[in-house]
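Asker: The structure that follows is given in the form of structure tokens.
Quick note: the coordinates plus some simple rules give every number you see, no bench work behind them. If you're wondering where the values come from, they're calculated on a predicted model, not measured in any experiment. Ideal geometry is used to build each Cβ from the backbone, glycine not excepted, and the neighbour counts take in all protein chains shown.
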Amino acid sequence: MRNVVIIGSGPAGLTAALYSARANLSPLVIEGLDAGGQLMLTTAVENFPGFRDGIMGPDLMANMRAQAERFGAEIVQGRVSAVAANGQTITVTTDQGPIETRALIIATGASAKLLGLPNERALMGHGVSTCATCDGFFFRGKPIAVVGGGDSALEEAIFLTRFASKVTLIHRRDTLRGSKIMQDKATANEKIEFEWNSEVIDVKDTAKGAVSAVVTRNLKTGATKDIPVDGLFVAIGHTPNTSLFTGWLEMDAAGYLKTHDGSKTNVPGVFACGDVQDHIYRQAITAAGSGCMAALDAEHYLEASG
Ligand code: NAP
């Protein structure tokens, strides 16, 4: 019987591991296929406090992992196929077998939806990004494209005009899904141009290891063209990684876990932190902060339940 099992190894999961390891709870972290989470898809991270000159996303995650391990957190690879509670025992079923625990911290994150283009993955962190707050700064004075027509795309496009010389918003229809107020702000912004009824069919230039243009196809006319840009921000929504918990843990309409009083879910002893329960802030630092909260909440729960 473990004291604490943590599912997920992004900033939320590893911070929960650090705190619960330092509370002598010997946590077990189960990391999935995307070990390290979304920061593994980024290059320089300049907004994580404590790194004056920034740090590469994968290096930050390696540091977090080593820091948690230094205090005794055990990290294993595994695919969780089921989770269930029986009284005060929670059973996490993995491909290595079942694990019983008194407390469970869920930090499975959310995945940014991608367009599915081969070059989009290849250039991720090298001009392709899913986070304007994280990467906008790198595109000072340069033209950028944003894909999507929802509030995220509009918000990112507006935010990016602080840095970019021009932002082209590429949307597959001729009406936006985002809220009226965001639409008004975006259409009034002189730096934003709209490319309607268009889909991105390729990103150039993998040979250079940087983005030089996006290739679009007009869905009405079939015409294709290159739009020269230095960055492509994909803002077509996120999917929380919560399918495992359907019917067991309370979720909002979009599938994010609902938490109350800090990190508590509707099941006693089960806590959630990071992007799996946050569709608003989605930052490494907020995820790490909520991982700390989940570890402290789990510790208090274990103390109270003897
Ligand atoms: P969303 O509302 O689901 O919008 C996704 C957008 O991406 C849609 O315009 C969709 O096009 C487009 N899209 C989806 N898949 C695509 C694909 N494969 N290729 C090209 N385009 C694709 O997602 P979101 O913008 O992330 O917003 C999620 C929720 O958070 C919403 O409720 C939103 O209001 C909220 N939010 C609010 C704020 C704010 O208030 N400041 C900021 C961000 C998010 P279609 O329109 O054609 O389907």
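Asker: Explain nothing, just the number: relative contact order of segment 154-306, from Cα pairs under 8 Å at least 6 residues apart, as a whole percent.
Answerer: Contact order relative to length: 12 percent.
Asker: Still on this structure, please answer the following. Considering amide H positions built from the backbone, and no H for Pro or chain starts, which residues 5 or more places from SER111, or on another chain, come under 5 Å of its amide H?
Answerer: Answer set, sorted by chain and number: THR239, ASN241.
Asker: Contact order normalised by length for the chain, with contacts defined as Cα pairs under 8 Å and 6 or more residues apart; what percent is it?
Answerer: Relative contact order here is 21 percent.
Asker: Quickly estimate the mean residue ellipticity at 222 nm for the chain, helices only: each DSSP H run with n ≥ 4 gives -39500 (n - 2.57), and the total goes over all residues, rounded to 500.
Answerer: Calculated mean residue ellipticity at 222 nm is -7500 deg cm²/dmol.
Asker: Scan segment 47-101 for trypsin sites (Lys or Arg not before Pro) in coil per DSSP, keeping those whose Cβ has at most 10 other Cβ atoms within 10 Å, and list them by number.
Answerer: ARG52
Asker: Just to be sure I understand: with springs between alpha-carbon atoms less than 10 Å apart, which residue in PRO11, PRO58, PRO228 has the highest mean-square fluctuation in the Gaussian network model of the chain?
Answerer: PRO228
Asker: Which one of ALA223, GLY237, PHE71 is farthest out on the positive end of the charge dipole of the chain, using unit charges on Cβ (Lys, Arg +1; Asp, Glu -1) and the Cα centre as origin?
Answerer: ALA223
Asker: Same structure again: Can you list the HN-Hα couplings for segment 256-266, worked out from phi with the Karplus curve (6.51, -1.76, 1.60; θ = phi - 60°), rounded to whole Hz and with x for Gly and Pro?
Answerer: 6, 5, 8, 10, 9, 6, x, 10, 6, 9, 6
Asker: Treat the count of other C-beta atoms within 10 Å as a stand-in for reagent exposure and order ILE75, ILE280 from fewest to most.
Answerer: Fewest-to-most Cβ neighbours within 10 Å comes out as ILE280, ILE75.
Asker: DSSP loop trypsin sites (Lys or Arg not before Pro) in segment 238-306 with at most 13 other Cβ atoms within 10 Å of their Cβ, which ones?
Answerer: LYS258
Asker: Right, something else. List, in order, the whole-Hz ³J(HN,Hα) value for each residue of segment 167-174 obtained from phi through the Karplus relation with A = 6.51, B = -1.76, C = 1.60 and θ = phi - 60°; use x for Gly and Pro.
Answerer: Once θ is set to phi - 60°, the couplings for segment 167-174 become 10, 9, 9, 9, 10, 7, 10, 10 Hz.
Asker: In the chain, what cysteines have no partner Cβ closer than 4.7 Å?
Answerer: CYS273, CYS292
Asker: Mind listing the long-range amide H neighbours of GLY10? Cut-off is under 5 Å, sequence gap 5 or more, other chains count too, H placed in the peptide plane at 1.01 Å from N.
Answerer: Long-range HN contacts for GLY10: GLY36.
Asker: Of the GluC sites (Glu not before Pro) in segment 154-196, which ones lie in a loop per DSSP and count no more than 16 other C-beta atoms within 10 Å?
Answerer: Listed in order of number, the matching sites are GLU190.
Asker: Taking amide H positions as placed in the peptide plane 1.01 Å from N, state which residues far from ILE99 in sequence (5 or more) or on other chains have amide H under 5 Å from it.
Answerer: Under 5 Å from the amide H of ILE99 lie the amide H atoms of VAL92, THR93, THR94, each far enough along the sequence or on another chain.
Asker: So, one more: Give, rounded to the nearest 20 debye, the magnitude of the charge dipole that the chain has about its Cα centre when Lys and Arg contribute +1 at Cβ and Asp and Glu contribute -1 at Cβ.
Answerer: With only Lys, Arg, Asp and Glu charged at Cβ, the dipole is about 500 debye.
Asker: List the relative contact order of segment 114-234 as a percent without decimals, with contacts defined as Cα pairs under 8 Å and 6+ residues apart.
Answerer: Contact order relative to length: 31 percent.
Asker: Also, I was wondering about something else. Under 15 Å from a point 7 Å along the Cα-to-Cβ line of SER243: which residues of segment 19-37 have their amide N that close?
Answerer: 33-34
Asker: Let me ask something additional. With charges only on Cβ, +1 for K and R and -1 for D and E, what is the dipole size of segment 114-234 about its Cα centre, in debye, rounded to 20?
Answerer: Taking the Cα centre of segment 114-234 as origin, the dipole is about 80 debye.
Asker: At 18 Å minimum axial length over the Cα atoms and a Kyte-Doolittle cut of -0.5, report the qualifying DSSP H helices in the chain, or say none.
Answerer: Length and hydropathy pass: 284-304.
Asker: Using 1/(1 + (r/R0)^6) with R0 = 30 angstrom and r between the beta carbons of THR93 and ILE280, what's the FRET efficiency to the nearest 0.05?
Answerer: 0.45
Asker: Only Cα pairs within less than 10 Å get springs; with that Gaussian network setup on the chain, which residue of VAL276, VAL215, VAL147 has the largest fluctuation?
Answerer: Largest GNM mean-square fluctuation: VAL215.
Asker: Anyone know which of THR242, THR130, THR206 comes out most mobile in the 10 Å Cα GNM of the chain?
Answerer: THR206
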